[in-house]
1. Which of the residues spanning the stretch 254-266 are outside any helix (DSSP H, G or I) and either polar (S, T, N, Q) or open to solvent by less than 30 Å² (accessible area, probe 1.4 Å) (or both)?
2. Within the stretch 223-241, can you find the residues that are part of a helix (DSSP H, G or I) and open to solvent by 20 Å² or more (accessible area, probe 1.4 Å)?
3. Read through the list (1) within 19 Å of D246 (Cα to Cα); (2) assigned to a strand (DSSP E or B), then give the number of the only condition that K136 fails.
4. Are any of the residues in the stretch 267-275 under 31 Å from the mean Cα position of the chain (by Cα), farther than 30 Å from C377 by Cα and surrounded by fewer than 19 Cβ atoms within 10 Å (Cβ to Cβ)?
5. Residue check: is P305 under 16 Å from the mean Cα position of the chain (by Cα) and open to solvent by 40 Å² or more (accessible area, probe 1.4 Å)?
6. Does the stretch 411-422 contain at least one residue that is charged (D, E, K, R) and within 18 Å of L341 (Cβ to Cβ)?
7. Sort through G195, G162, G202, G170 and tell me the only one that's at positive phi, open to solvent by 40 Å² or more (accessible area, probe 1.4 Å) and at pLDDT below 85.
Amino acid sequence: AAPAAPAAGANKDCDCCFDNVPMAEGACCPSKAHFFCGTCLGGLLTAFKTADYAEQKKGKGRVLCPMKDSDTPFGDAALAAFVAQDIFDEYLEVRIKVAEKGIQEQMEKENNDKIADLKEKLAKATGSAEQLEIDKHRLRIIDDIFTLKCPRCKLAFLDYDGCSAVTCGGCKAGFCSYCLEDCGADAHGHFYANGSKCPKEGGPIFVEHAQWLVYQQARKARELMDYLLVIPEDIRQKVCDSVAPDAKDLGIVIPKDLTTKALEANISMILDVPRTLRERLTEFGKKKLEGKDAVLDVPMGKKVPVRVPPGGVAIAVTQAPLGGAAKKVIHLAAGREIEILDEWVEANVPSLKLGAKVTGMLKARHVVGRPDPKAKCKVKEANGNGSTMVRRTCKPDEGKNVLGYVDDDDSVTVVNHWIQFKTTVGKAVTGFVPGPCVATDDVVVSGNVDDVKAFVAESAAHFGITWKEQKKAMAAAVIVEKAGAAGAPPKGKGRGRGRGRGRG
């Protein structure tokens, strides 16, 4: 509820800085026992942002009275009325992270309970000999392949937070979260000696959680395929059936053909596909992979986390991108979820219909190819009308907003790619961020090595996509970067935590 209006002219001593201030410039804690001025409330929220998780968790991501006399958190209205908007926005970010970590802890508990039940069942040796053998393999898959562990003490690691050079919260070992190599006391050198990437898996040291999960999904799928080869063929299908729900939760596709010959020929590849090309790639995949032993997984969701350029911690949001004088309305922290409303390409358009070269805005779905700055892309009106409208601004308005039209197959030079979005940061926010702020290297194709490679080669030629190829190696995998029409995807940036502690 909003704070009650104080009596006109009433003053009160702040219980933090002891200054005597008008009551209209501060708020009481939930117990009404203590009063804090607006400046101290802002300081309280700033300190809460860097407090230990255990402290943040007490109020479920909401700040408590610092005098420790109440378990009831401050109401949002009481705080928002007296602190700066950017401080309040960062405070709300903490609440989101606490909620996400709570979900992660619940997942960890469920996973541990599942493993404990399997171990207990195996210890009691109940069931047929075949069922015991199936349960043994299921335990091995869930506990050692699907669950990340410290390579030294085997403590489970589930709470990745941006940095892939992880420090175990148990034995303090430094290890790589991609290849799980024990690197002694500090794993940063493992990356820095190889251009800030894991020398075995190719993953960057700093990457957002969503993209990190893509690498984990691919590695776990590969290790699962390797392990299935050691399971007798007569129970292999039953073992796969027993772990199928867990595999589905992780986004791992179990192949239909589980014969030894087929498993030995499996591979996964991560594709870098702009969101503007995903519908076309999906249709392309339906035709090209029909009857093939390969599966294409193309995330199509509109709600995605943002990532920031190397060295940054937040990305500026603009209200109107065209012209280089865009007004910045807010900053979004790395990992903040946004909902994509539309995508636009700012481009130089040398067209006869427009006269001289003009810079305007085109809907990205009408631009063929990767909308990278300085790239020359052809235009293809997505609805088959033969020409695409060029606008002055990123608005659906026509009339004076229309600069003209560009015909299909004409080329434009990309200036920038913009993503129009909405999100909530204390209040509803809409705006634009540069295209690279949304990860595109999260498409996976897996299956028979020949079918997968043939599809990727055709896709690269047709769409100009890039990819990372994961070659099978029983003990470890090597990811080799390939390039189609464009370079490697931009890196993410963040900080790391590994089961209680990590350094980025």
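1. Residues satisfying the conditions are P255, L258, T259, A265, N266.
2. Of everything in the stretch 223-241, those that are part of a helix (DSSP H, G or I) and open to solvent by 20 Å² or more (accessible area, probe 1.4 Å) turn out to be E223, Y227, E233, D234, Q237, K238, D241.
3. (2)
4. So in the stretch 267-275, the residues under 31 Å from the mean Cα position of the chain (by Cα) come out as 267-275.
The next check asks that each one be farther than 30 Å from C377 by Cα; those that pass are 267.
Narrowing further to those that are surrounded by fewer than 19 Cβ atoms within 10 Å (Cβ to Cβ): none.
So far as the stretch 267-275 goes, no, none of its residues is under 31 Å from the mean Cα position of the chain (by Cα), farther than 30 Å from C377 by Cα and surrounded by fewer than 19 Cβ atoms within 10 Å (Cβ to Cβ).
5. Values: under 16 Å from the mean Cα position of the chain (by Cα): yes; open to solvent by 40 Å² or more (accessible area, probe 1.4 Å): yes.
The answer is yes for P305.
6. Keep residues of the stretch 411-422 that are charged (D, E, K, R), which gives 422.
With within 18 Å of L341 (Cβ to Cβ) added as a condition, the list becomes 422.
Yes, that holds for at least one residue.
7. G195
This table checks each residue for (1) without any contact (Cβ under 8 Å) to a residue 40 or more places away in the chain; (2) within 21 Å of I267 (Cα to Cα); (3) in contact with a strand residue (DSSP E or B) (Cβ under 7 Å, 6 or more places away or on another chain).
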{"residue": "C168", "(1), (2), (3)": "no, no, yes"}
{"residue": "A193", "(1), (2), (3)": "yes, no, no"}
{"residue": "S196", "(1), (2), (3)": "no, no, yes"}
{"residue": "G202", "(1), (2), (3)": "no, yes, yes"}
{"residue": "L213", "(1), (2), (3)": "yes, yes, no"}
{"residue": "Q216", "(1), (2), (3)": "no, yes, no"}
{"residue": "R222", "(1), (2), (3)": "no, yes, yes"}
{"residue": "D226", "(1), (2), (3)": "no, yes, no"}
{"residue": "I235", "(1), (2), (3)": "no, no, no"}
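The values are calculated or read from the model by the stated rules, or taken from the named source; none is laboratory data. Since we're looking at a predicted model, the values are computed, not measured. FYI the Cβ positions are ideal-geometry reconstructions off the backbone, even for glycines, and counts take in every protein chain you see. We work out accessible area using only protein heavy atoms, side chains counted, and drop any ligands, DNA or RNA first. Shrake-Rupley method; radii C 1.70, N 1.55, O 1.52, S 1.80 Å.
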